[in-house]
Amino acid sequence: MKKTIFLLLCPLFLMGQSIGYIEVVHERKNDPYVELSANKNGGTAIFNRTYRTGCVGSYEIRWTFSKDLALLQPGETFDVTLQCVSCRTPCGYKWGIADVMASNNVLKIPGYQEYTYNGNIGLVGKSGSSSGVFDWQPAQLSNTYTFKYQPKKSAKYTAIAFTIVGHRVYYVFGEGSSSTAGGINCHTLLGLGKLVNSLELGAYEGYPWDWMDKTIDYALNHIKASSCLSDTYLRDLKSRMYRASDTRIFYAEIQTYSQKLESEVASSCSACSNCTQ
């Protein structure tokens with residue numbers, strides 16, 4: 001196999017030990033389906049859940065932040081307010097619907113092989129008597145968590161994570177990163193390059209369709225965060241690859257996409273003037 005390596009490298013300028021928001025990564029589960037909308041300003045998750053007895057509950061979860069997460073300085077705090085905007089659990093069932101975890105509970109971040117376990121964003125307080133939000137106590141329909149960024153060790157990436165009906169939603173931060181409207185984040189482009197390489201290798205080796213499907217989702221998250229690249233091809237590939245018995249048939253087209261993507265970055269991501277190939 002003649003491997004085409006596509007990596008976009010960008011100098012990482014550390015600003016002391018400040019960290020900045022990079023992107024949201026959604027680690028999906030097959031059931032139930034969650035309609036997710038999330039960015040650095042907050043997010044919503046809407047879903048239904050079918051219980052053993054056939055009862056169906058409907059849910060809308062919302063979260064907001066007390067400050068712009070583009071940049072966090074050592075010692076700085078921020079609040080996350082998590083709410084059950086509409087949570088209807090039927091038939092007497094009780095369960096923790098959603099929660100937020102500090103970085104010391106984040107063991108991995110999908111698509112970030114260089115992530116190392118750390119406690120750089122810690123939970124220092126919450127408004128609720130229990131963790132999470134649920135709907136059998138009116139006072140627990142909303143919970144405000146206070147987090148503090150305090151570097152404990154050098155870590156290229158750190159994160160907080162939401163747990164929602166088995167799904168994980170990671171808010172990823174990087175050392176010295178700062179996302180700006182219309183700007184390009186070099187961490188995102190580097191991660192996208194690695195994910196496309198993984199897709200190419202996966203197709204060459206014939207990895208299972210569900211592994212490829214999750215990798216495509218991670219790549220789509222990176223494309224969305226880039227603010228400059230088209231997701232048309234990967235969305236089409238995801239649709240055509242669904243339950244494919246042999247993913248090797250997609251190898252040639254993914255290899256071609258990998259090669260074209262480098263040109264697309266050069267022509268479409270002009271704001272990333274510091275990135276080099």
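The values are calculated or read from the model by the stated rules, or taken from the named source; none is laboratory data. Just so it is clear, the structure is predicted and the values come from calculations on it, not from any experiment. Don't worry about glycine lacking a Cβ; one is built from the backbone with ideal geometry, like all the others, and counts go over all protein chains shown.
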Note on residue 107: of the conditions (1) within 20 Å of the chain's Cα centre (by Cα); (2) touching a residue at least 60 places away in the same chain (Cβ under 8 Å), unmet is (2)
Among residues of the range 1-49 being in contact with a His (Cβ under 7 Å, 6 or more places away or on another chain) and β-branched (Val, Ile, Thr), the residue modelled with the lowest pLDDT is 22
Within the range 34-56, residues being charged (D, E, K, R) and within 17 Å of the chain's Cα centre (by Cα) number 2
Scanning the range 184-195 residue by residue, the ones that are in contact with a His (Cβ under 6 Å, 6 or more places away or on another chain) and either modelled with pLDDT of 85 or more or in a loop (DSSP other than H, G, I, E, B) (or both) total 1
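Determine, yes or no, whether residue 123 is under 25 Å from residue 19 (Cα atoms) and free of Cβ contacts under 8 Å to residues at least 12 places away in the same chain. Please lay out each step first, then the result.
On the way: under 25 Å from residue 19 (Cα atoms): yes; free of Cβ contacts under 8 Å to residues at least 12 places away in the same chain: no.
Judged against the criteria, residue 123 is not a match.
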For the range 50-85, the count of residues that are among the charged types (D, E, K, R), under 23 Å from residue 157 (Cα atoms) and modelled with pLDDT under 95 equals 3
Inside the range 211-235, the number of residues satisfying the requirement of being closer than 20 Å to residue 36 by Cα and in a helix (DSSP H, G or I) is 17
Residue hits (the range 57-74; under 17 Å from the mean Cα position of the chain (by Cα) and surrounded by fewer than 18 Cβ atoms within 10 Å (Cβ to Cβ)) are 64, 65, 70
How many residues of the range 196-225 are at pLDDT 90 or above and either in the same structural domain as residue 38 (by TED's automatic domain parsing) or closer than 20 Å to residue 21 by Cβ (or both)? The answer is 0
Of the residues in the range 67-111, those that are part of a strand (DSSP E or B), under 24 Å from residue 140 (Cα atoms) and not polar (S, T, N, Q) come to 78, 79, 80, 82, 84, 85, 87, 88, 98, 99, 100, 101
Residue pairs within 6 Å by beta carbon, gap of at least six or interchain, first lying in the range 54-66 and assigned to a loop (DSSP other than H, G, I, E, B), second not small (Gly, Ala, Ser), listed first then second, are 55/90; 55/91; 66/78; 66/79
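Tally the residues that are part of a loop (DSSP other than H, G, I, E, B) and free of Cβ contacts under 8 Å to residues at least 60 places away in the same chain, restricting the search to the range 135-153. Steps first, please.
So in the range 135-153, the residues part of a loop (DSSP other than H, G, I, E, B) come out as 135-137, 141, 150-153.
Of the ones still in play, those that are also free of Cβ contacts under 8 Å to residues at least 60 places away in the same chain are 135-137, 141, 152-153.
Of the residues in that region, 6 qualify.
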